[in-house]
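Worksheet: one structure, shown below.
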There are 2 protein chains.
Amino acid sequence: MTAYDDLMAQERDTQALAQVAGRLAWDQETMMPRGAAEQRAEESGAMQAVLHARRTDARRGDLLAEAESVATDEVARAQLHHIRRDYDRATLVPGDLAVAVARLTSRAQGQWAEARAADDYAAFAPVLAEVIRLKREEAAAVARGRDLYDALIDDFEPEMTAARLDAMFAEMRPRLVDLRARALDREWPVLDAHFDEQAQLRLSRELARNFGYDFARGRLDMAVHPFSSGSGDDVRITTRVSEHDPFNCLYSTIHETGHACYEQGIDPAYRLTPLGQGVSMGVHESQSRIYENQLGRSRAYTGWLFGRMREMFGDFGVADAGTFYRAVNRVHRGHIRTEADEVQYNLHIMLRFDLEKALIAGDLSTDDLEAAWNDRFEADFGYAVDRVSNGVLQDVHWSLGLFGYFPTYSLGNVYAGCLYRTMRGAVPDLEAQLARGETGEATAWLRTQVQRHGGRFAPAQVIARACGGEEPTAGPLLDYLDEKFGGM
Amino acid sequence: MTAYDDLMAQERDTQALAQVAGRLAWDQETMMPRGAAEQRAEESGAMQAVLHARRTDARRGDLLAEAESVATDEVARAQLHHIRRDYDRATLVPGDLAVAVARLTSRAQGQWAEARAADDYAAFAPVLAEVIRLKREEAAAVARGRDLYDALIDDFEPEMTAARLDAMFAEMRPRLVDLRARALDREWPVLDAHFDEQAQLRLSRELARNFGYDFARGRLDMAVHPFSSGSGDDVRITTRVSEHDPFNCLYSTIHETGHACYEQGIDPAYRLTPLGQGVSMGVHESQSRIYENQLGRSRAYTGWLFGRMREMFGDFGVADAGTFYRAVNRVHRGHIRTEADEVQYNLHIMLRFDLEKALIAGDLSTDDLEAAWNDRFEADFGYAVDRVSNGVLQDVHWSLGLFGYFPTYSLGNVYAGCLYRTMRGAVPDLEAQLARGETGEATAWLRTQVQRHGGRFAPAQVIARACGGEEPTAGPLLDYLDEKFGGM
């Protein structure tokens, strides 16, 4: 048995255990009885300790070094690349620090939830300051000469930097601000009817299947915050349901279906190996976004969906497919990122990106964060934050120490823009198919071009390969948004 | 930190991981998508390998020996007793053998299912012979001078032996054979109506709550074969539903509620420690049986249930509470253990006990097992086995290597008989309470006398303590059955 085989056998068990830990997290959000929270924390902690011990095992490092010195096969090199990343990251962070971050963020999440419920930023600021202090320490441990914030981004989007994101956002911002102003000048229809919740869930299942989700290797449940979870042959999605807003349920489902189809679409040869998962948060988000937005919210697909919803719900007060299309894509003045339309969404991200960059650089203190948020929001959106739960306390991410995560949402949009432009060339009949509710050729193209590769190529590389070799840029997304929202 | 503290900290993580493994098994029976089976086998295997490595860790042995040499506290001694049992058992079985047993029984279970479906014992006999060969090896490894079968029983019921079971069954057999003959002379009513499945499940939840199950620390789902799973604050139960046989659903639920209440009722101070689980299969079964039978199938409780079912299902063709009581307790000629009434159930167990004892002793070959089963069945029940799926292939246990498990079902009945006799003295008002559908005082008595102790006392000891110091015998169960079925 070669060092590579030996290493990969160990990684296989580690991947299997990581799947178990992931399923435990799924259970926590969907099935766990409420009284089990305290015991569950111990169970999850024990699983994380097992995984951490395996990730930092010195024998892993030895086998890895030995395998690296001989492996020539491209796939083997890609596997070793991921193991190296993971091993270095795990061993560079001191064990005490890793434990301290895990403990603190668990506590901080609870304090964030309480502060948000009480609309009280001051109650959250001290623990956030402590989270930032530890995350800066963690970043310093792994940075090896890079900026601290770049070291954090790398965790979610390998090889991405703040400088490249700065350039990307600089290109996006003026065009989005302009498009937003034009879109807000117009009236947008709003649904005003009751939609049976069970029927919404039935339609959700139909849409997931329609977009290629394989229920034989997954399931759909309810969760407060929809998510997708798992890899390989057990990839589960969740949705939520609101009787007055069926789009919440239906488009959450399509979004999570995109994430899940990425995982389900990975080459089965990579199952339970380091290549057997989506390669980055940005590429993951590109799949969820293109399923949800470019396909699911297109004029063609919403035309079909309008008919299907009329069959299921009867007349719900929307006169025609054109009005329905505009209701699905409604642009409105809001404060909340997760409720934002395609145009304004990236403005929410830029705000967070600039603030968290400054927080990690030490250029902004948590004492000044609320004011900084409110100022920037008013500057970008043209109206004030009405309360802090609609402002700086709206997102859970920072309490969890997830600095460098927000920009991957916009990267996903940008990647989706590139993929969509190429897909339209590759599937000339796309609109006619979507108008019949058929997504099969589009999703098959994504599976072949992106999904099946799993972790085989770097994030920007997998997108570039799918797009005829061109490096991803914001241009195609901005053109798509102009075309869609400019005249809607 | 003392060796004891150090050891207990490690055990706590091991217990937490065992809970995770248990929840994975629960997921497999209730939630897992069917296409995930192969991947799940790898996930479960990786979890079992982690647990096995922890159980056999030499450092555990060292700490254990050191702690044993100093511990004086009774509770600490009880904890160490369980750790010693577990450590010796895990280390005495060679690693290769443990892996071979796990692999073989996994395969054998599949072959058993196929053979049962095809009514073909010959297809199963060779793999069963191989299972027996390995289980004999395993028993020899842990026996330390005991009979092989005693060594296997000890896995499920510490300190129990075949000789004691022989004596117990010898006392039971003549009285049960006689009672059975008298009961079968009479006519028994059968339900013949449709019972809405959702309503059955609603009533199931009501009954589980009624018997003290805490839904804040558990949940009820559907499974092909009902079971209870988990300890501490996350104890889940399952049931099944058949539209023509509501008793299947309702009494499966009450049975699993008994198991679950045992786990939920254990002293919270023992949570995630070796004392934090039911002490043996026999004591576990005593709780499920007393909930299901002595309480749930009593004349008093069925009187209340009859009224409740009339409210929910309307007139379902049963004229009065007396007829309903006899329908719940119907004695009939059948072949299947799991469908047997309280009288005949133990005859099914005795048959299996004698056969598996002979199989492990090497006095019976698998080639002769089918004939031996059929002969014994006809001798005990007075009619022939009609097909092998109703005979020797009806139970999964032997394919899984669970030799020594069957007698714990009868031990549970015997323990329940003892507990019930004492409970009637301790709760003089019991019948009147049950007639109002109130089980609170009875289940509180069981919690105080039995459940809260977890693994604190040996199985027979915990029953004896609850029963005024008397060692458990079959007498009280037989008296109860005579009283109940003699004149019904």
**Asked** Mind checking whether some residue in segment A:411-430 is surrounded by fewer than 23 Cβ atoms within 10 Å (Cβ to Cβ) and farther than 30 Å from A:Gly468 by Cβ?
**Response** no
**Message:** It is to be established whether one or more residues within segment A:7-24 are touching a strand residue (DSSP E or B) at 6+ places or on another chain (Cβ under 6 Å) and under 27 Å from B:Leu24 (Cα atoms).
**Reply:** yes
**Request:** Identify all residues within segment A:186-218 that are within 14 Å of chain B (Cβ to nearest Cβ) and surrounded by 18 or more Cβ atoms within 10 Å (Cβ to Cβ); write none if there are none.
**Result:** A:Ala208, A:Tyr213, A:Arg217, A:Gly218
**Asked** Taking A:Asp119 and the conditions (1) touching a residue at least 60 places away in the same chain (Cβ under 8 Å); (2) under 19 Å from A:Ser365 (Cα atoms), which numbered condition does it fall short on, given that it satisfies the others?
**Response** (2)
**Request:** Would you be able to say whether some residue in segment A:167-181 is aliphatic (A, V, I, L, M), out of contact with any Pro (no Cβ under 9 Å at 6 or more places or on another chain), in contact (Cβ under 8 Å) with a residue 60 or more places away in the chain and under 19 Å from A:Val328 (Cβ atoms)?
**Result:** yes
**Asked** Taking segment A:1-18 as the search range and keeping residues that are surrounded by fewer than 16 Cβ atoms within 10 Å (Cβ to Cβ) and aliphatic (A, V, I, L, M), which one is farthest from the other protein chains (Cβ to nearest Cβ)?
**Response** A:Met1
**Message:** Quick test of your reading of the structure: B:Ala53 fulfils all but one of (1) within 25 Å of B:Glu159 (Cα to Cα); (2) surrounded by fewer than 16 Cβ atoms within 10 Å (Cβ to Cβ). Name the failing condition by number.
**Reply:** (1)
**Message:** Take the residues in segment B:219-249 that are out of contact with any helix residue (DSSP H, G or I) (no Cβ under 8 Å at 6 or more places or on another chain) and either more than 25 Å from B:Arg330 (Cα to Cα) or in a loop (DSSP other than H, G, I, E, B) (or both); name whichever of them is nearest to the other protein chains (Cβ to nearest Cβ).
**Reply:** B:Arg219
**Prompt:** Given the structure, is B:Gln79 touching a Pro at 6+ places or on another chain (Cβ under 8 Å) and either within 12 Å of chain A (Cβ to nearest Cβ) or of a type outside the set (Ser, Thr, Tyr) (or both)?
**Reply:** yes
**Request:** Tell me which residues, restricted to segment A:24-71, are under 21 Å from A:Arg103 (Cα atoms) and of a type in the set (D, E, K, R).
**Result:** A:Asp27, A:Glu29, A:Arg34, A:Glu38, A:Arg40, A:Glu42, A:Glu43, A:Arg54, A:Arg55
**Asked** Is at least one residue of segment B:88-109 more than 27 Å from A:Ala9 (Cα to Cα) and more than 14 Å from every other protein chain (Cβ to nearest Cβ)?
**Response** yes
**Message:** Tell me the residue from A:Leu64, A:Leu51 that is within 14 Å of chain B (Cβ to nearest Cβ) and at pLDDT 95 or above, please.
**Reply:** A:Leu51
**Request:** Go through segment B:190-240 and give me each residue that's closer than 26 Å to B:Pro33 by Cβ, among the polar types (S, T, N, Q) and in contact with an Asp or Glu (Cβ under 6 Å, 6 or more places away or on another chain).
**Result:** B:Ser228, B:Thr238
**Prompt:** Any idea which residue in segment A:265-293 is farthest from the other protein chains (Cβ to nearest Cβ), counting only those that are without any contact (Cβ under 8 Å) to a residue 60 or more places away in the chain and either under 17 Å from the mean Cα position of the chain (by Cα) or not in a helix (DSSP H, G or I) (or both)?
**Reply:** A:Glu292
**Prompt:** Looking only at segment B:19-29, which residues are more than 7 Å from chain A (Cβ to nearest Cβ) and surrounded by 20 or more Cβ atoms within 10 Å (Cβ to Cβ)?
**Reply:** B:Trp26
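Residue-wise test of (1) at pLDDT below 95; (2) aliphatic (A, V, I, L, M).
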| residue | (1), (2) |
| --- | --- |
| B:Phe169 | no, no |
| B:Leu184 | yes, yes |
| B:Pro189 | no, no |
| B:Leu201 | no, yes |
| B:Arg205 | no, no |
| B:Asn210 | no, no |
**Complete:** Given the conditions (1) farther than 22 Å from B:His348 by Cα; (2) out of contact with any Leu (no Cβ under 6 Å at 6 or more places or on another chain); (3) among the small types (Gly, Ala, Ser), every one holds for B:Gly401 apart from (1)
**Prompt:** Is it fair to say A:Ala300 is assigned to a helix (DSSP H, G or I), at pLDDT 95 or above and under 26 Å from A:Ser229 (Cβ atoms)?
**Reply:** no
**Prompt:** If you take the residues in segment A:30-48 that are part of a helix (DSSP H, G or I), more than 16 Å from A:Arg107 (Cβ to Cβ) and facing chain B (nearest Cβ under 7 Å), which one is nearest to the chain's Cα centre (by Cα)?
**Reply:** A:Met47
**Request:** Mind telling me which of the residues B:Leu179, B:Leu201, B:Leu165 ends up being under 22 Å from B:Thr257 (Cα atoms), assigned by TED's automatic domain parsing to the domain that holds B:Gly382 and either out of contact with any Lys or Arg (no Cβ under 6 Å at 6 or more places or on another chain) or not in a helix (DSSP H, G or I) (or both)?
**Result:** B:Leu201
**Message:** Between B:Phe485, B:Phe457, which is aromatic (Phe, Trp, Tyr) and either more than 18 Å from B:Glu159 (Cα to Cα) or not assigned by TED's automatic domain parsing to the domain that holds B:Glu187 (or both)?
**Reply:** B:Phe485
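The values are calculated or read from the model by the stated rules, or taken from the named source; none is laboratory data. If you're wondering where the values come from, they're calculated on a predicted model, not measured in any experiment. Cβ coordinates were reconstructed from backbone atoms using ideal geometry, including for glycine residues, and neighbour counts include every protein chain displayed.
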